[in-house]
Structure formats: structure tokens, C-alpha cells
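Heads up: the structure comes next, in C-alpha cells.
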Amino acid sequence: MQSRTMSFIEAATNVVVGFGLAVLTQVLVFPVFGIAVSFDQHVSIAVIFTLVSLARGYVLRRVFNALALPPNVRHTLCHDRTAAEELADS
């Protein structure tokens with residue numbers, strides 16, 4: 001299982017790369033749709049979406065880690081007979 005700190009570092013790295021791509025994409029795509037904004041406005045827009053993305057990535061990672069089955073339960077479900085079969089035999 002990944003620690004909370006490593007979850008945050010992974011999410012932050014992902015978002016930093018996404019930030020650069022977002023600014024570049026906005027600079028290239030906005031003019032196609034007739035949207036004219038300054039570079040500072042592109043950065044401001046990207047910052048807002050970056051913060052939302054960082055929070056989303058961190059929260060979803062923690063939710064999925066919380067939902068993960070412990071290794072002993074995973075092993076039992078994948079390799080052993082079901083609990084119902086074992087109870088029926090006892």
C-alpha cells in the first residue's frame with residue numbers, strides 16, 4: 001500500500017506535468033475557438049484547474065487505497081475455496 005506522502009508526491013508530479021500541458025494546449029486551442037487571453041490569464045486558468053486536479057487525484061487515490069482488500073483476503077478469494085464451501089464441509 002502506498003503511504004499518504006507518496007500518494008501526494010505522485011499526484012503532485014502528475015499535476016505539474018499536466019499544468020505544463022494545459023497551458024500549452026490552451027495557447028494552441030483557445031485561438032481556434034476565438035478566445036483571446038493573455039499568457040498570464042492562461043497561467044491563471046491552468047492554476048485553478050491544476051489545484052482541482054491535485055485535490056481530485058489525491059482524494060481518489062486515498063479512496064481506492066481504502067477500498068483495497070488486504071493481501072490475506074485477496075489470496076483467500078483468488079486461491080482458496082470460498083468461505084461458504086469451507087463452512088459446508090465442517
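Within a Cβ distance under 12 Å of Ala55, other residues only, what is the Lys/Arg minus Asp/Glu net charge? Intermediate results must be reported in sequence, preceding the final value.
Numbers: positive: Arg56, Arg61, Arg62; negative: none.
For residues surrounding Ala55, the net value is +3.
You can think of it this way: the chain between Leu60 and Ala36 has 5.2 nm of extra reach, that is 0.36 nm per residue less the Cα-Cα gap.
Approximating the spin labels as points 7 Å out from Cα along Cα→Cβ, the Ile9-to-Val43 distance works out to 2.8 nm.
Taken together, the values in this text are just the output of simple stated rules run on the coordinates, not laboratory data. Just so we're clear, the structure is a prediction, and the values are computed from it rather than from any experiment. In this analysis, Cβ positions are derived from the backbone assuming ideal geometry, glycine residues included, and neighbour counts consider all displayed protein chains.
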